[in-house]
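The values are calculated or read from the model by the stated rules, or taken from the named source; none is laboratory data. Since the model is a prediction, treat every value here as computed from it, not as a measurement. Glycine also receives a Cβ, built like all others from the backbone with ideal geometry; neighbour counts cover every protein chain displayed. Note: accessible area is taken over every heavy atom of the protein model, side chains too, but ligands, DNA and RNA are not part of it. Shrake-Rupley method; radii C 1.70, N 1.55, O 1.52, S 1.80 Å.
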Amino acid sequence: MGHAITRLLTLSDIFYRIQIYPCPLCLKEMLEKLCALNFVKIPLGKQVDVNISCEMDNPEISVDPVYLPIVFENLIGNAIKYSGKSVKIDIRCQGKGKWIEIRVKDNGIGIPSRSLKRIFEIYYRDPSMRDDHSRKGFGIGLSFVHSVVKAHHGKITVHSIINVGTEFIIILPRKQWKRK
């Protein structure tokens, strides 16, 4: 038990010191590869439809090629985990000058408004999910997502409606600032 607690505390410390090593990456290709690789085990009986659209001339962005894909693995995985039998995920990318906006929207069960302010806190899980043994988790994923987006000098917000779905909006600079 002591080792598990030490590992979790170390993990939380790591979230606040993520160092990114950006390089050019085609955002649309990265998203399509993630969806094609089936990184998330889809439970029997679930039908998953992922739609990706990039509405920009140049979908290239300067990001960390290890950390940024994990952000989308987590968001897509959560959309599948917290949806019914027919899962619909829409991912839309748009250029906004020096920034890129990425929206990940699902038709899942939604996040209660009481939890929206806390979902990026490490180890936080909505109280109604703690007893749901069909949806396992430790409250680590969204905290990690938040930390990675912050390390990229970006911003993440969330909107959710119970029994309608959730939308995460990520805004990232096209190019990362150089380290000093």
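Figures for the structure shown
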{"item": "Label-point separation, residue 66 to residue 113 (7 Å along Cα→Cβ), nm", "result": "4.2 nm"}
{"item": "Long-range HN-HN contacts of residue 100 with modeled amide H, under 5 Å", "result": "172, 174"}
{"item": "Approximate spin-label separation residue 124-residue 88, in nm, with each point projected 7 Å along Cα-to-Cβ", "result": "2.9 nm"}
{"item": "Förster-model FRET efficiency, 41 Å R0, residue 167 and residue 21, C-beta, rounded to 0.05", "result": "0.90"}
{"item": "J(HN,Hα) series, the range 49-62, from Karplus relation 6.51 cos²θ - 1.76 cosθ + 1.60, nearest Hz, glycine and proline x", "result": "10, 10, 10, 10, 9, 10, 9, 7, 5, 10, x, 7, 9, 9"}
{"item": "Calculated Rg and Dmax of the range 37-88 using C-alpha coordinates, Å", "result": "13.3, 38"}
{"item": "Phi to ³J(HN,Hα) by Karplus 6.51 cos²θ - 1.76 cosθ + 1.60 over the range 160-167, Hz, x for Gly, Pro", "result": "8, 10, 4, 6, 10, x, 10, 10"}
{"item": "Qualifying lysines (Cα of each under 20 Å from Cα of residue 117; at least 8 residues distant if same chain)", "result": "105, 150, 155"}
{"item": "In Å², nearest 10: area of residue 164 left accessible to a 1.4 Å probe", "result": "90 Å²"}
